[in-house]
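Below is one structure, written out as structure tokens, with a few remarks after it.
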Amino acid sequence: MNCHNIDFGMSRRDFFGRFALGLGGAALGSLLERDATAAAAAPSPFRGILSAPHHAPRAKRIIFLFMSGGPSQLDLFDHKPLLNRMNGQDLPDSVRNGQRLTGMSGNQASLPLAGSIFSFAKHGQAGSTVSELLPWTAKVADELCFVKSVHTEAINHDPAITFFQTGSQLAGRPSMGSWLSYGLGAANENLPAFVILISKDRIDQPLYARLWGNGFLASIHQGVQFRSGKAPVLYLDNPAGISSAGRRKMLDRLAELHAIQYEDLGDPEINARVAQYEMAYRMQTSVPEVMDVASEPDRVLDLYGPEAKQPGTFAANCLLARRMAERDVRFIQLYHPGWDHHGGLPGGIRRQCRDVDRACHGLITDLKQRGLLDETLVVWGGEFGRTNYSQGKLTATNYGRDHHPRCFTMWLAGGGIKPGTTLGATDDFGYNVAEDPVHVHDLQATILHLLGIDHEKLTYKFQGRYYRLTDVHGQVMKPMLA
């Protein structure tokens, strides 16, 4: 190549666009062809990369109720009478077995076992054990599958949440909702396939947008955050002086220009950008409609509790999740932060349970009454559990619990899940998994399976390697399936 013929003033994009063939453009084109073809040919609603699910799906959509911070399984679902009998005694070395601790409790002079001050009872025909903190959840216990043996590899919040959402502790991978959008596409042409709702006034830790990001997938697959207030989606409204007709003409001309650019560069992100512009235009009508709960009768609002009338609360977001499920949004992710109870756990967890208990009952009940529960998978849980010993001073009425990735409890309902069941168990100290361990990747594989996807086959080649949500392992937990 004659360097005298190169325009050194060109941009990096121009350089690679112009000299793609000289830089192995044929190989590059083969990598881009799949996304480019899908984006260019995609109707509204856009299709996923799969022409059909790998097998018959049991669920059409998922509502993931993520309890950010790590709820204490020992105070909610995993009753351990031995901890109450040994309250205040040091955690036996034979139980801990040298396992790592966080820097927050690792330097304590002792690790005093802390029994829960809350009472537990068995509920429903299945006799599922639920704490007094969750009386409303207990009423629908026979609809739930409790998994008491979930375990993870991460011991701190950000890598643990990132691991749950993306299958990797390292930032940059596509989130679960993005993988589903990529594989199955959208089912509603007027709403995103992947929506995020975050409870207001409970954020005690950062929730980065990358948790619902598209990673290396096309940007059309990223999650869209809906907020409470007059502008549920930022920058969606037309600027002052721009009419809907004017915006329509602008988008048409812009699409023509992008088509020329795509023909020149072959960058699939160009088509993804056009699709997002079009979605934003349609959402100007669809978003206000789905966010307006004024049409909901009092009997429905009462299911979710009085906070359902307060935009931005967990209860209000659960009601919105049901409305989005009715409109075939593929993945609805609710975040409810505030579960990180290193100290003052009894008071903190009472508040958190008041936030979510009745709303979870209302969501399950509402979905079932409308015939939606059988096709909607509902998942509840956080990024890890809490320790069986107290972080900080232990008293008769107060204690804290540190992060504990070794074992914790989640529950699932609807969408092909076997109701009224419990999978897995922990030891008498609630420190280690004793039966049927369920890794985060196992849970992810099971979720994908219920939506008709073989987790080993939904892959994307990036930087020379094929990636998937479950990385290099994970298996479907068949005992959870109906």
Checklist entry - Hey, among 178, 228, which residue is small (Gly, Ala, Ser), touching a strand residue (DSSP E or B) at 6+ places or on another chain (Cβ under 8 Å) and either assigned to a helix (DSSP H, G or I) or farther than 30 Å from residue 458 by Cβ (or both)? => result 178
Checklist entry - Out of all the residues in the range 47-64, which are among the small types (Gly, Ala, Ser) and crowded, with 19+ Cβ neighbours inside 10 Å? => result 48, 59
Checklist entry - Taking the range 440-468 as the region of interest, how many residues are of a type in the set (A, V, I, L, M, F, W, C) and assigned to a helix (DSSP H, G or I)? => result 6
Checklist entry - Of all residues in the range 181-208, which are outside any loop (DSSP other than H, G, I, E, B) and closer than 20 Å to residue 444 by Cβ? => result 181, 182, 183, 184, 185, 194, 195, 196
Item to check | Hits in the range 444-482 - residues which are under 19 Å from residue 56 (Cα atoms) and among the hydrophobic types (A, V, I, L, M, F, W, C) | outcome: 445, 447, 448, 450, 451, 453, 458, 476, 477, 480, 481, 482
Checklist entry - Does residue 152 satisfy the condition of being within 13 Å of residue 440 (Cβ to Cβ), surrounded by 20 or more Cβ atoms within 10 Å (Cβ to Cβ) and out of contact with any Ser or Thr (no Cβ under 7 Å at 6 or more places or on another chain)? => result yes
Next on the checklist: Cβ-Cβ under 7 Å, sequence separation 6+ or interchain: first residue in the range 172-189 and touching a residue at least 24 places away in the same chain (Cβ under 8 Å), partner part of a helix (DSSP H, G or I) and among the hydrophobic types (A, V, I, L, M, F, W, C). Which pairs?
Outcome noted: 175/211; 175/212; 177/212
Checklist entry - Quick one: is residue 67 surrounded by 14 or more Cβ atoms within 10 Å (Cβ to Cβ), under 26 Å from residue 318 (Cα atoms) and modelled with pLDDT of 95 or more? => result yes
Item to check | Yes/no for residue 105 being of a type in the set (Ser, Thr, Tyr), surrounded by 14 or more Cβ atoms within 10 Å (Cβ to Cβ) and not in a strand (DSSP E or B) | outcome: yes
Next on the checklist: Within the range 110-159, considering only strands (runs of 3 or more DSSP E) that don't extend past its boundaries, which have at least 1 residues that are in contact (Cβ under 8 Å) with a residue 40 or more places away in the chain and aromatic (Phe, Trp, Tyr)?
Outcome noted: 120-123, 144-151
Next on the checklist: Could you check the range 217-250 and list, in sequence order, the residues that are over 22 Å from residue 194 (Cβ atoms) and in contact (Cβ under 8 Å) with a residue 12 or more places away in the chain?
Outcome noted: 238, 244, 247, 248
Item to check | Hey, residue 83 at pLDDT 95 or above, in contact with a Phe, Trp or Tyr (Cβ under 6 Å, 6 or more places away or on another chain) and under 25 Å from residue 131 (Cα atoms) or not | outcome: no
Checklist outcome for this item: Checked 252, 302, 264 against criteria (assigned to a helix (DSSP H, G or I), modelled with pLDDT of 95 or more and of a type outside the set (A, V, I, L, M)); the one match is 302
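Test residue 323 against the stated conditions and say whether it is touching a helix residue (DSSP H, G or I) at 6+ places or on another chain (Cβ under 9 Å), closer than 25 Å to residue 182 by Cβ, touching a residue at least 60 places away in the same chain (Cβ under 8 Å) and of a type in the set (Lys, Arg).
No.
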Checklist outcome for this item: Pairs returned, first residue in the range 460-482 that is surrounded by 15 or more Cβ atoms within 10 Å (Cβ to Cβ), second residue that is among the small types (Gly, Ala, Ser) and in a strand (DSSP E or B), beta-carbon separation under 6 angstrom, 6 or more apart or interchain, are none
Item to check | Only listed residue being touching a residue at least 12 places away in the same chain (Cβ under 8 Å) and under 20 Å from the mean Cα position of the chain (by Cα), chosen from 420, 414, 400, 392 | outcome: 414
Item to check | Subset of the range 71-102 that is surrounded by 20 or more Cβ atoms within 10 Å (Cβ to Cβ) and part of a helix (DSSP H, G or I) - its residue that is farthest from the chain's Cα centre (by Cα) | outcome: 83
Checklist entry - Are any residues in the range 297-347 crowded, with 18+ Cβ neighbours inside 10 Å, among the small types (Gly, Ala, Ser) and over 23 Å from the mean Cα position of the chain (by Cα), and if so, which ones? => result 305
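The values are calculated or read from the model by the stated rules, or taken from the named source; none is laboratory data. These numbers were taken from a predicted model, which means no experiment stands behind them. All Cβ positions, glycine included, derive from the backbone under ideal geometry; neighbour counts span all protein chains shown.
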